[in-house]
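A.B. asks: Please see the structure below; I have some questions.
None of the figures in this text is laboratory data; all of them are computed from the coordinates on show. Computed from a prediction, not measured in an experiment: that's the story for all the values here. Don't worry about glycine lacking a Cβ; one is built from the backbone with ideal geometry, like all the others, and counts go over all protein chains shown.
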Amino acid sequence: MEIGKLVKMANQIALFFEAEPDVNVARQGVANHIKRTWEPRMREALLQHIEEKGGEGLRPLVIEAFRHHKELLRPRSRS
């Protein structure tokens with residue numbers, strides 16, 4: 001999946017949670033939603049986009065959610 005589509009989807013999720021007055025709850029909401037509904041390759045691609053490109057095009061809440069909940073969102077390696 002191309003990064004532009006992932007950015008668009010993540011931003012839509014963030015728009016929903018931006019109405020939450022508590023930023024910690026909003027970050028957790030974004031992270032939980034993405035963890036539950038996105039496949040690991042999608043999460044890894046967005047995490048890589050944040051790490052390599054600073055999250056270009058992403059709403060700040062998405063970037064914050066990934067930075068604060070990286071371990072939750074990083075796909076587990078298969079050993």
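A.B. asks: Which of the numbered conditions does ARG36 fail, given that it passes all the others? Conditions: (1) closer than 17 Å to MET1 by Cα; (2) surrounded by fewer than 11 Cβ atoms within 10 Å (Cβ to Cβ).
C.D. replies: Of the numbered conditions (1) closer than 17 Å to MET1 by Cα; (2) surrounded by fewer than 11 Cβ atoms within 10 Å (Cβ to Cβ), the odd one out for ARG36 is (1).
A.B. asks: Having 2 or more residues that are of a type in the set (Lys, Arg) is the bar; report the helices (runs of 4 or more DSSP H) wholly within the range 4-79 that clear it.
C.D. replies: Details: elements: 23-37, 40-53, 60-68, 70-73.
Of the helices (runs of 4 or more DSSP H) lying wholly inside the range 4-79, those with at least 2 residues that are of a type in the set (Lys, Arg) span 23-37, 40-53.
Conditions (1) within 9 Å of the chain's Cα centre (by Cα); (2) touching a residue at least 24 places away in the same chain (Cβ under 8 Å); (3) surrounded by 16 or more Cβ atoms within 10 Å (Cβ to Cβ), marked per residue:
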| position | (1), (2), (3) |
| --- | --- |
| GLY4 | no, yes, no |
| GLN28 | no, yes, yes |
| PRO40 | no, yes, no |
| LEU61 | yes, yes, yes |
| PHE66 | yes, yes, yes |
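A.B. asks: Which condition breaks for GLU44 when tested against (1) under 20 Å from GLU2 (Cα atoms); (2) surrounded by fewer than 14 Cβ atoms within 10 Å (Cβ to Cβ); (3) of a type in the set (Asp, Glu)?
C.D. replies: For GLU44, the exception is condition (2).
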